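Visitor: Below: one structure in structure tokens.
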Amino acid sequence: MNPQFPANRVEMEFSRWKAREERFSTLFSITPAENKSLLAEKLRQFERIRTKYRSSKNIEEQHTLRILKMEINRISKQLYPSLISRIFRKIITRTQNQLSLRSEAKKEERNFNSINEKVQRIGFPDLSEKIKNLMGREQENFNLPLSYYINEKEKINHSLCFSKNAEGRFELDGFKSSLQKNSAPEDSREYYFKNGLENNFKLNEVYNLLSGRSVEHNQSWFQLDFNDKDASGNYHLKEFRNEYAYDLEKALKAIPLKEILNPYEMEKLKNTLRQGDRVSAVLIKDRRENQIYIEANPQFKSLNIYDQHFQKVQINSSEKEIKPDPRIQSCKPSIKNQSVKQPAKSKLRQ
């Protein structure tokens, strides 16, 4: 929306009442002019709208409020011909509307705080000002875009999706994320992460999933299948449950890693791999230390292992030798440790 022409919230609320009025007319074959109770409800709604936005600085809203005031006076005279009745009712109604709006403002503040906490818990940077501004536009739903570079060769784009529930409160429905590589901009990997599922992934895990790695959540492992899409074009999210019997610790102990000699380092390594990171480890071969990189591979109940040149290799645990993996071609990731950087330190483009 052009910031020079902000939304007319008064007009939006009036339009919602008109839609409601038309629905009543269709259901009951009545109009406010023919039904006093419906006309009284219309008057209450118009007065509430006027009280809510009477301090607005928006020129368009001020103009609409002046027209609304005239309509309120017309309906009031029609319902309450006595001047004394109108004055008495006006005093009572104004007090009721002010109390109602204060209560509504507190609910909106709680709604905003709840959404803002949820967004930051996922790992997004501080978007509070933008969220509050979009929530205040009296719309039924909205999207909030966010882009930043993971590193000099990879860019990630998010679109957070919000909508009102049956109670009129905003909720985070989910967010669509896509990973783009400068070397292949046409090969964008995209997935919609729906909110409310048990496997609510954080942003570093989102990046790892889009990079093709596996993430552990609630004792299940998840991995995106980039060769399988559903009817809506979303990639299939594969799940390997407990009964699949992937033992990460067993897979780590199958190769001579320095980290397995230290319980603290072993636990730290497992926790990092569960988040989907590709991490550096030390392989002991012929009493010498060799740097390798590993990532979890629950589908094959093993580890993906890369040498110091980022070529995928196999390790013969009995001979303790490193051999090139004949099943795949060598791969050279753009960075050594592909743990996601914090978006707050990245250059944001929204």
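Visitor: Where the accessible area of the chain is counted over protein heavy atoms with a 1.4 Å probe, how much of it, in %, is carbon and sulfur? Don't skip to the answer; put the middle values down first.
Guide: On the way: 10110 of 21180 Å².
That share works out to 48 percent.
Visitor: Of Glu34, Glu239, Glu205, which has the largest mean-square fluctuation in a 10 Å C-alpha GNM of the chain?
Guide: Per the Cα network of the chain with a 10 Å cutoff, Glu34 tops the list.
Visitor: While we're on this one: Which entries of Lys130/Lys229; Lys155/Lys229; Lys202/Lys301; Lys176/Lys250 show an alpha-carbon separation above 31 angstrom in the structure shown? Mind dumping the intermediate values first?
Guide: Details: Lys130/Lys229 33 Å; Lys155/Lys229 22 Å; Lys202/Lys301 24 Å; Lys176/Lys250 35 Å.
The answer is Lys130/Lys229; Lys176/Lys250.
Visitor: Accessible area, 1.4 Å probe, largest first: how do His236, His309, His158 sort? Intermediate results must be reported in sequence, preceding the final value.
Guide: Working: His236 85, His309 115, His158 5 Å².
The ordering from most to least exposed comes out as His309, His236, His158.
Visitor: Hey, another quick one. Based on the Cβ-Cβ distance of Arg121 and Glu71, what FRET efficiency does E = 1/(1 + (r/R0)^6) give at R0 = 41 Å, to the nearest 0.05? Mind showing how you got there, number by number?
Guide: Numbers: r = 45 Å, r/R0 = 1.10.
Computed FRET efficiency for Arg121 and Glu71 comes out at 0.35.
Visitor: Oh, and also: Extension gain Arg23-Glu265, at 0.36 nm per residue separation less the Cα-Cα distance, in nm?
Guide: Numbers: separation 242, 0.36 × 242 = 87.12 nm, distance 6.51 nm.
That works out to 80.6 nm of additional length.
Visitor: Can you work out the PRE-style zone for Gln139? Point 7 Å along Cα to Cβ, and I want the residues of the range 104-124 with backbone N under 15 Å.
Guide: Answer for this model: none.
Visitor: List the relative contact order of the range 92-220 as a percent without decimals, with contacts defined as Cα pairs under 8 Å and 6+ residues apart. If you can, show how the numbers build up before the last one.
Guide: Details: 158 pairs, mean separation 21.7, N = 129.
Relative contact order for the range 92-220 comes out at 17 percent.
Visitor: Continuing with the same structure: Just need the relative contact order of the range 1-154 here, percent rounded to a whole number, with Cα pairs under 8 Å and 6+ apart.
Guide: On the way: 67 pairs, mean separation 34.5, N = 154.
That works out to 22 percent.
Visitor: Once you sort the root eigenvalues of the Cα gyration tensor of the range 146-255 as a ≥ b ≥ c, which label holds: rounded (a/c under 1.5), prolate (a/b larger than b/c) or oblate (the other case)? Don't skip to the end; give the middle numbers.
Guide: On the way: a/c = 1.96, a/b = 1.23, b/c = 1.59.
Cα axes put the range 146-255 in the oblate bin.
Visitor: Now a separate question. Could you report the range 175-305's accessible area per residue, 1.4 Å probe, as an integer in Å²? Show your work: numbers first, answer last.
Guide: On the way: 7050 Å² over 131 residues.
That works out to 54 Å² for each residue.
The values are calculated or read from the model by the stated rules, or taken from the named source; none is laboratory data. Computed from a prediction, not measured in an experiment: that's the story for all the values here. Neighbour counts run over all protein chains shown; Cβ positions are idealised from the backbone, glycine included. Ligands, DNA and RNA are excluded from the accessible area calculation, which covers all protein heavy atoms including side chains. Shrake-Rupley method; radii C 1.70, N 1.55, O 1.52, S 1.80 Å.
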